[in-house]
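The values are calculated or read from the model by the stated rules, or taken from the named source; none is laboratory data. Everything numeric here is computed off the predicted structure, so don't read it as measured data. Every residue, glycine as well, gets a Cβ built from its backbone with ideal geometry; the counts of neighbours run over all protein chains shown. Just the protein is used for accessible areas: all its heavy atoms, side chains included, with ligands, DNA and RNA removed. Shrake-Rupley method; radii C 1.70, N 1.55, O 1.52, S 1.80 Å.
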Amino acid sequence: MQCVALVVRSGPILTLKRRLYVGSLHFNLTESDIKQVFEPFGELEFVDLHKDPVTGRSKGYCFVQYKRVEDARVALEQMDGFELAGRTVSVSH
């Protein structure tokens, strides 16, 4: 008889695979706008739109994190190079 163990990885490696960098965003997009675009691929844990602390204006990039690695993978494949608000966005891990 042979025992097989299933190892489920968690922690920083899994988190990185669920988190996507989204760059070249139009400066007028809000976290809500980004959520509407990325949520159809799966449930999001958060959208973190980086803003200038003085002006409050978007810096043109954000991080989105999915609950499932597979959802992040599909979003990456579908959204990298997608035109959003007149700009071609860059999506990566």
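Does segment 59-67 contain any residue that is open to solvent by less than 60 Å² (accessible area, probe 1.4 Å) and part of a loop (DSSP other than H, G, I, E, B)?
So far as segment 59-67 goes, no, none of its residues is open to solvent by less than 60 Å² (accessible area, probe 1.4 Å) and part of a loop (DSSP other than H, G, I, E, B).
Test GLY81 against the stated conditions and say whether it is at pLDDT below 95 and either on the phi > 0 side of the Ramachandran plot or touching a strand residue (DSSP E or B) at 6+ places or on another chain (Cβ under 8 Å) (or both).
No.
In segment 84-93, how many residues are within 18 Å of THR15 (Cβ to Cβ) and either surrounded by 12 or more Cβ atoms within 10 Å (Cβ to Cβ) or at pLDDT 95 or above (or both)?
2
With the requirement that a residue be within 15 Å of SER90 (Cβ to Cβ) and in contact with a Lys or Arg (Cβ under 7 Å, 6 or more places away or on another chain), what does segment 28-57 give you?
The answer is HIS50, and nothing else.
So which residues in segment 18-49 are among the aromatic types (Phe, Trp, Tyr) and surrounded by fewer than 17 Cβ atoms within 10 Å (Cβ to Cβ), if there are any at all?
Those that are among the aromatic types (Phe, Trp, Tyr) and surrounded by fewer than 17 Cβ atoms within 10 Å (Cβ to Cβ): TYR21, PHE27, PHE46.
Taking segment 34-50 as the region of interest, how many residues are free of Cβ contacts under 8 Å to residues at least 40 places away in the same chain and closer than 18 Å to ARG87 by Cα?
Of the residues in that region, 5 qualify.
Test GLN78 against the criterion of being in contact (Cβ under 8 Å) with a residue 12 or more places away in the chain, of a type in the set (S, T, N, Q), open to solvent by 60 Å² or more (accessible area, probe 1.4 Å) and in contact with a helix residue (DSSP H, G or I) (Cβ under 9 Å, 6 or more places away or on another chain), and give yes or no.
Here the answer is yes, as GLN78 does meet what is asked.
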